[in-house]
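A.B. asks: The structure under discussion is supplied below as structure tokens; questions concerning it will follow.
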Amino acid sequence: MPVFKKLVSSLSAQKDAQRKAELYRKLMRHEAKIGGELFGPVRPGGRREFFCLDKHTWVWHEEWVDQNGQHQYATTRYDFRPNGIVKSQNGQYRNVSHQEARNLRGAMLMYRERIKNELYSFVA
Amino acid sequence: MYDIQDPNPEHGFDKYEALRQLDGAERTSYERFLTVNEAVESCLEIIDRFAPVVVEERPKPPVGIDSSNVVSMEEYRERRGMRQDARSTINMQPESAISMNPENNPVIGTVDPYANHIEGIMNRVDQIREQQMREAA
């Protein structure tokens, strides 16, 4: 194959991969927005996102303004491992109570249902 | 094009076959959905092992109230040969923590904060019971 043709083919493949990665990120951002609506209203000036990062990880991100007008945030990450759930919040590890695990279960089911209907109904 | 929305298994629906036949944005979307779907399934399995979900949990009586004599309203009526009476349902739901076993008076624990309230309920129950016995006689 001539060098020029190889180069064009390689660039095209790269562009496809970039487009795919960008679309994947966009889909996740949209899911995070939908996921943030599962837990009720957000505090004024706040923001909430909840999404599936990969097959074993779920993320809940919350931002709010405290009583002193300071901007606060908490990023909670749930890592699912064969021997249990590991939760880290702003880098600190915490226990997951049974109630929290059950709430998470409900949230995941609702999440799947919502994104299926609102984002992926044309393929899922 | 393979109809990926065809839910009939006899038509040979295969999500991976469907995936192979998708291109571009559709394929990426479908891949993402499959990832989420698999994540939900595997995470639910772990949660259920870690914190089994209680499908039905019978309400527990408040502390201090003896529930050993709790019977259902149907059972109570059957024992007493009582007829259905709207008034008899007052404070006598099957899940009520108050014992309605006719062989024993309602067994109430000594929970001070609720003593007056419970006493009121007992009086009302006694009134209804007496009225029903009069009517049945």
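A.B. asks: Taking every residue in A:9-19, how many Cβ atoms of other protein chains lie within 10 Å of its Cβ, on average? Display every interim value, and only then the final one.
C.D. replies: Numbers: counts 0, 0, 0, 0, 0, 0, 0, 1, 0, 0, 3.
The shielding value for this peptide is 0.
A.B. asks: Let me ask something additional. What is the mean number of Cβ atoms from other protein chains located within 10 Å of the Cβ atom of each residue in peptide A:93-101, rounded to a whole number? Before the final figure, lay out each step's value.
C.D. replies: Numbers: counts 0, 0, 0, 3, 1, 6, 1, 1, 8.
Mean number of neighbouring Cβ atoms from other chains: 2.
A.B. asks: Given +1 on the Cβ of Lys and Arg, -1 on the Cβ of Asp and Glu, and no further charges, what dipole in debye does segment A:1-86 carry about its Cα centre, rounded to the nearest 20? Display every interim value, and only then the final one.
C.D. replies: Numbers: 15 positive and 10 negative charges, 119 e Å.
I would put it at about 580 debye.
A.B. asks: In addition: What's the Cα-based Rg to Rh of chain A, Rh via Kirkwood?
C.D. replies: When Rh is taken as the Kirkwood radius, the ratio is 1.13.
A.B. asks: Further question on the same structure: Which whole number gives the average count of other chain Cβ atoms within 10 Å of the Cβ atoms across peptide B:41-48? Walk me through the numbers before you get to the answer.
C.D. replies: Working: counts 3, 4, 12, 6, 2, 9, 12, 3.
Averaged over the peptide's residues, the number is 6.
A.B. asks: ³J(HN,Hα) across segment A:63-80 via Karplus (A = 6.51, B = -1.76, C = 1.60, θ = phi - 60°), whole Hz, x for Gly/Pro?
C.D. replies: Result, ordered by residue: 10, 7, 10, 7, 4, 8, x, 7, 7, 10, 8, 9, 10, 10, 10, 10, 9, 8 Hz.
A.B. asks: Moving on. Among A:W64, A:W58, which comes first, second and so on when ranked by fewest other beta-carbon atoms within 10 Å?
C.D. replies: Details: A:W64 16, A:W58 24.
Fewest-to-most ranking of A:W64, A:W58: A:W64, A:W58.
A.B. asks: Can you give me the C-alpha center-to-center distance between segment A:24-42 and segment A:65-98, rounded to a whole angstrom?
C.D. replies: Spelled out, the Cα-based centre of one part sits 17 Å from the other.
All of the numbers you see were taken from the coordinates with simple rules; none came from a lab. The shown structure was predicted, so the numbers you read here are calculated from the model rather than taken from an experiment. Counting neighbours? That spans all protein chains shown, and the Cβs are built from the backbone with ideal geometry, glycine included.
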